[in-house]
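Reviewing the structure listed below.
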Amino acid sequence: MNTTIPKLGLGTFGRTGEDGLTALLSAIEIGYRHIDTAQSYGTEENVGRAIARSGLARDAFFVTTKVADTNLAKGDFMPSVEKSLETLALDHVDLLLIHWPSAKDAVPFEDYMEALAEAKARGFARNIGVSNFPIGHLKRAEALLGKGVLATDQVEIHPFLQSPKLRDHARGIGMPLTAYMPLAKGRVSNDPLLSEIATRHGVTAAAVALAFLMEEGHIVIPASSNAGRLRENYASLSVNLSADDMTAIRGLDRGMRLIDPDKAPDWDDAA
Ligand SMILES: NC(=O)c1ccc[n+]([C@@H]2O[C@H](COP(=O)([O-])OP(=O)(O)OC[C@H]3O[C@@H](n4cnc5c(N)ncnc54)[C@H](OP(=O)(O)O)[C@@H]3O)[C@@H](O)[C@H]2O)c1
């Protein structure tokens with residue numbers, strides 16, 4: 001049973017169909033064991049198929065899924081989790097997240113946070129956490145469920161959006177953040193500083209971005225459908241950045257948020 005979240009995982013957003021399955025199988029072959037899916041991605045079935053086809057034991061994997069914001073109401077929450085498990089063909093996930101807090105508390109906060117804890121108590125999830133929660137929501141969750149209950153907050157973080165206030169809050173409560181969109185959708189590859197550091201370390205700018213985020217204490221879940229790029233990203237696990245490299249990359253933060261839909265909470269994580 002996995003209780004800590006592997007530092008590097010595989011994102012699956014938009015990676016559906018046979019191409020998505022092929023990418024998953026390549027990633028597993030390269031060594032990825034932590035896989036990130038969600039009810040809204042349409043990739044849960046492929047994740048289950050890839051795990052079954054890998055020939056590896058279930059416990060070799062760390063699987064995360066997320067309850068969609070359309071399934072947060074009391075009567076919808078637990079059936080949606082059961083449906084996810086059925087689609088994944090698994091009897092539990094390793095991590096279950098609230099994908100987005102309910103906009104303007106349309107569903108009472110207590111209802112879905114207590115349902116999340118209940119899903120863990122029923123054995124549907126080994127760990128529970130949240131996604132797209134600003135600091136204020138994390139404090140509300142801690143007041144309701146207690147300290148140390150949430151395993152992570154999965155949020156947009158990359159070298160151009162480092163969210164220092166949220167990073168420091170998470171460190172203060174001993175909870176790692178999971179950096180989604182850690183490559184800023186591939187934009188990190190065009191950055192001159194990341195490219196210069198990458199040349200010195202003999203890796204790609206993407207691997208440097210991932211190594212930086214992991215060194216900051218975050219978990220990263222980059223996505224790719226290309227075996228070469230999956231391998232480049234995996235190589236980030238063996239990059240050792242110097243203190244000077246870290247300082248220089250911290251300087252790239254420019255609060256560049258790429259995901260900010262109408263349903264998003266008020267972000268309180270800028271510098
Ligand atoms: N919780 C949430 O609300 C939320 C929101 C967004 C994302 N996520 C999760 O985070 C995961 C990652 O985010 P993301 O997929 O949107 O963005 P990302 O991982 O930052 O970037 C993926 C993009 O970068 C390209 N890429 C990958 N590796 C590369 C490399 N080594 N060099 C150059 N380009 C590279 C990919 O193209 P190729 O396929 O062509 O390589 C793809 O276009 C998602 O899959 C999902 O699981 C969660």
Quick check, is Asp111 out of contact with any Pro (no Cβ under 8 Å at 6 or more places or on another chain), part of a helix (DSSP H, G or I) and acidic (Asp, Glu)? yes
Checking the condition at positive phi, in a loop (DSSP other than H, G, I, E, B) and surrounded by fewer than 23 Cβ atoms within 10 Å (Cβ to Cβ), which residue from Gly123, Gly186 passes? Gly123
Specify the residue that is nearest to Ala106 (Cα to Cα); the eligible residues are those in the range 65-81 that are under 21 Å from the mean Cα position of the chain (by Cα), touching a residue at least 40 places away in the same chain (Cβ under 8 Å) and in a helix (DSSP H, G or I). Asp69
Residue pairs qualifying under the 9 Å Cβ cut-off, at least six apart or on distinct chains, with the first in the range 86-107 being under 17 Å from Gly123 (Cα atoms) and the second being among the hydroxyl-bearing types (Ser, Thr, Tyr) and open to solvent by 30 Å² or more (accessible area, probe 1.4 Å), are Asp94/Thr3
Number of positions in the range 31-57 that are loosely packed, with under 15 Cβ neighbours inside 10 Å and either farther than 17 Å from Glu86 by Cβ or among the basic types (Lys, Arg) (or both): 5
When the range 233-271 is examined, which residues are found to be surrounded by 19 or more Cβ atoms within 10 Å (Cβ to Cβ), charged (D, E, K, R) and under 19 Å from the mean Cα position of the chain (by Cα)? Asp269
Matching residues, the range 1-30, being closer than 23 Å to Ala125 by Cα and either open to solvent by less than 70 Å² (accessible area, probe 1.4 Å) or aromatic (Phe, Trp, Tyr) (or both): Asn2, Ile5, Pro6, Leu8, Gly9, Leu10, Gly11, Thr12, Phe13, Leu24, Ile28
Among residues of the range 191-205, those that are in a helix (DSSP H, G or I) and not aliphatic (A, V, I, L, M), counted: 6
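The values are calculated or read from the model by the stated rules, or taken from the named source; none is laboratory data. Bear in mind that the values here come from a model prediction, so they are computed numbers and not experimental data. Neighbour counts are summed over all protein chains in view; Cβ atoms, including those assigned to glycine, are modelled from backbone coordinates with ideal geometry. Keep in mind that these areas ignore ligands, DNA and RNA; they rest on the heavy atoms of the full protein, side chains included. Shrake-Rupley method; radii C 1.70, N 1.55, O 1.52, S 1.80 Å.
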